[in-house]
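Worksheet for the structure shown next.
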Amino acid sequence: MNDQITINKDYIKGFLPPRRRECNKGDFGKLLIVASCHSMSGASIIATRAALRSGAGIVYTASVDSALSA
């Protein structure tokens, strides 16, 4: 018996409702990421990009000044 599931783009799409053509980013929620460690500024970048790619509408990132240039 094979109970394995292949997770791919089409499989994931089955769980997500279609987006209307007339919608905008404000319709898909707002997210605030608070990242305060200047020595790990890459983590805030990764988290922000992941949130955008996963469908969050508007993503704000609050960070320390030393990480803002990243």
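With every protein chain present, what is the per residue accessible area of the range 1-67 (1.4 Å probe, Å²)?
Value for the range 1-67: 87 Å² per residue.
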With Cα coordinates, the longest principal axis of the chain makes an angle with the long axis of helix 41-53, in degrees rounded to 10, of 30 degrees
Of all the accessible heavy-atom surface of the chain, with the other protein chains kept in place and a 1.4 Å probe, what percent is carbon and sulfur? 56 percent
So if I take the centroid of the Cα atoms in the range 51-66 and the same for the range 1-33, what is the distance between those two points in Å? 18 Å
Within the chain, which is the longest segment containing none of the trypsin sites (Lys or Arg not before Pro) that sit in a DSSP loop and have at most 13 other Cβ atoms within 10 Å? 22-70
Quick one: how many Å² of LEU32 are accessible to a 1.4 Å probe, rounded to 10? 110 Å²
Expressed as a rounded percentage, what relative contact order does the chain have, with Cα pairs under 8 Å and six or more residues apart? 35 percent
Could I have the simple spin-label model distance between HIS38 and ARG20, label points 7 Å from Cα toward Cβ, reported in nm to one decimal? 4.7 nm
Calculated Rg and Dmax of the range 14-70 using C-alpha coordinates, Å: 13.8, 41
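The values are calculated or read from the model by the stated rules, or taken from the named source; none is laboratory data. What you see is a predicted model; the values in this text were computed from it and never measured. For neighbour counting, all protein chains shown are included, and Cβ atoms are generated from backbone atoms with ideal geometry for every residue, glycine included. To get the accessible areas, we keep the full protein, side chains included, count just its heavy atoms, and leave off ligands, DNA and RNA. Shrake-Rupley method; radii C 1.70, N 1.55, O 1.52, S 1.80 Å.
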